[in-house]
Amino acid sequence: MPRTAALNDLSPADRAKVQTIVDQVSNGQLTDLRGAAQQIDAILTPDESKAVLGERDKMMAAIRANMPAGAAPGGHPQGATGAHRVNDAGGFLLQLSISREKLRALRQAQAKPQ
């Protein structure tokens, strides 16, 4: 599983800190996804970030390898709709750790004008 592999790339202390932020997003205490990702990025060492992004790259390669022949570039294989490529380790860890429904709701709420 990509989530397990990515979390295993973190030290136990950093994994616990990341989990605290994930829990805050999941239970509605923290609703700013970008801010949450930045908090996670601030926790991770450069080596941890690089390892997490390596897991992202492996996951994306596996998705591409399983795409049906002739799929449009940028298309999503069945079951992967709603996936957003993230370029930071914090965002990727959130994407792996928060339900799609919760992420969608938070993104929609943030997209509405204040």
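The values are calculated or read from the model by the stated rules, or taken from the named source; none is laboratory data. This one's a predicted model, so the numbers in the text were calculated from it and none came from an experiment. Note: ideal-geometry Cβ built from the backbone for every residue, glycine included; neighbour counts use all protein chains shown. All accessible areas refer to the heavy atoms of the entire protein, side chains included, with ligands and DNA or RNA removed. Shrake-Rupley method; radii C 1.70, N 1.55, O 1.52, S 1.80 Å.
For residues in region 87-114 being of a type in the set (Gly, Ala, Ser) and part of a helix (DSSP H, G or I), which is modelled with the lowest pLDDT?
Ala111
What's the number of the only condition in (1) surrounded by 12 or more Cβ atoms within 10 Å (Cβ to Cβ); (2) under 15 Å from Asp88 (Cα atoms) that Lys17 fails to meet?
(2)
Looking at region 63-86, which of its residues are within 17 Å of Arg107 (Cα to Cα) and at pLDDT 50 or above?
His84, Arg85, Val86
If Pro46 meets every condition in (1) under 27 Å from Ala109 (Cα atoms); (2) more than 12 Å from the chain's Cα centre (by Cα) apart from one, which number is that one?
Here Pro46 meets the rest and fails (1).
For region 31-53, how many residues are among the aliphatic types (A, V, I, L, M) and open to solvent by 30 Å² or more (accessible area, probe 1.4 Å)?
Selection size over region 31-53: 4.
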